[in-house]
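Written out below as structure tokens is the structure these notes cover.
The values are calculated or read from the model by the stated rules, or taken from the named source; none is laboratory data. Predicted, not measured: the structure shown is a model, and the values here were computed from it. Neighbour counts are summed over all protein chains in view; Cβ atoms, including those assigned to glycine, are modelled from backbone coordinates with ideal geometry. When the accessible area is computed, the model is the full protein with side chains, heavy atoms only, and any ligands, DNA or RNA have been set aside. Shrake-Rupley method; radii C 1.70, N 1.55, O 1.52, S 1.80 Å.
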Amino acid sequence: MLILGIETSCDETGVALYDTAGAGLLAHAVHSQVAMHEAYGGVVPELASRDHIRRLIPLARGVFGQAGREIEQLGAVAYTEGPGLAGALLVGTSFAHALALVLDVPAIGIHHLEGHLLSPLLSQHPPAFPFVALLVSGGHTQLMRVDGIARYALLGETQDDAAGEAFDKTATLLGLSYPGGPALARLAESGIPGRHRLPRPMIASGDLEFSFSGLKTAVMLLVRAADPDPQFRADVARSFQDAIVEVLAAKCAQAMEATGLTRLVVAGGVGANHALRARLDAQGARSGFDVYYPEPELCTDNGAMIALAAALRLQQQDRQVRKRSAFGVRPRWDLETLT
Ligand code: KG4
Ligand code: ZN
């Protein structure tokens, strides 16, 4: 079956075509709105929605052209139903339902984080179930136990800022433009390790919860107190990244030990961070677990992960129960409630 995947939950318009008959991912395209939101220092929801409207149809035409398929061949349309910005979600949802109605095929609403945590299944070395998933994005930091499709148990999550949010806010303090995560990671490469002592929040809490807002405050105090020359900024970036990576890696190791599982999946935008990957790989080699990542281009938001999640859901269900999801969006939506 040919599935169109649509992602419009935040500031990326993602579209993909996935073939369940063996060919897998045929084509995908993403338009990032980063340049548009940069002037405002963050995502402006109304602008995001309007841009999704502008981009969706040309991107969809593009993936059909790239894959050499026709719209009439679609067997289902998958879209991000939530969580995310309500107006942005509505654009993809409206498009998906209209198309599904015209073609008389199912419209399948997908949870954005389910897309992220299944995205490593699209890579060259996909993990088998069960696994522990570290979801680290701009809006979420969670450790989940994943026993199969829709079998997700929350092990721990952030009590305040998400890891990506901490990267972005710290980047702003260091004068880097939005979204600061990748820029901060680049700056950290020229930083000298250990120049600044930053806290490792909740590293010894004995549970799998996180807290990152204090780290950002510690950077704010450092930056206020000193002359922000380029090397100082790079050193602070390095110390910040080292702190956040150390906490994430320690909690992952604890989660692997607590569950007794041997596979760790890392997904979400922060999963693209090289320092985090190196640290987790080393930790895995030491402690005896394997680490799986999505392909780099599928770490951030994309339509491929949405199409894949729908394909796996359809595969799992009886053919008779394929129905159109109700029209609506879920800006707030708990992954654990998925059935
Ligand atoms: O998953 P994602 O694309 O969108 C959300 O669902 O939030 O994640 C975006 C987040 C942003 O906070 C961005 O700064 C961060 O991922 N990010 C990174 C890197 N690449 C993206 N953070 C640290 N290092 C990176 N290389
Ligand atoms: Zn995301």
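Points to keep in mind about this one:
- Residues S205 and T262, FRET efficiency given R0 of 22 Å [Cβ-Cβ distance, rounded to 0.05]: 0.35
- Carbon and sulfur %, accessible surface of the range 129-293 computed with the full protein complex present, 1.4 Å: 52
- For S205, the shell of other residues with beta-carbons less than 13 Å away shows a net charge of -1, using +1 for Lys and Arg and -1 for Asp and Glu.
- Charge dipole magnitude, Cβ of K and R +1, D and E -1 - the range 129-293, Cα centre, debye nearest 20: 180
- Lys/Arg +1, Asp/Glu -1 at C-beta; the chain dipole; positive extreme among H112, Q159, P58: H112
- Note on the range 129-293: Rg/Rh from C-alpha atoms, Kirkwood Rh, equals 0.98.
- A Cβ-based charge dipole, computed about the Cα centre of the chain with Lys and Arg at +1 and Asp and Glu at -1, lands at about 100 debye.
- Relative contact order of the range 253-339, defined on C-alpha pairs under 8 angstrom at six or more residues apart (%): 26
- Total formal charge among the other residues, if their Cβ is under 14 angstrom from that of L85, Lys/Arg +1 and Asp/Glu -1: -4
- Remark: relative contact order (the range 106-263) = 22 percent; criterion is Cα-Cα distance under 8 angstrom and separation of 6 or more residues.
- Extreme residue, positive dipole direction of the chain, given options F240, L184, M256 (C-beta unit charges): M256
- Listed residues A39, A218, A16: farthest to the positive end of the dipole of the chain (Cβ charges): A16
- A 1.4 Å probe run over the chain, with the rest of the protein chains in place, finds 42 Å² accessible per residue.
- For the chain, the longest principal axis of the C-alpha atoms and the axis of helix 213-225 are separated by about 50°.
- Normalised by the number of residues in the chain, the average gap of Cα pairs under 8 Å and 6 or more apart makes the relative contact order 25 percent.
- Share, in percent, of DSSP beta bridges within the chain that are antiparallel, nearest 5: 60
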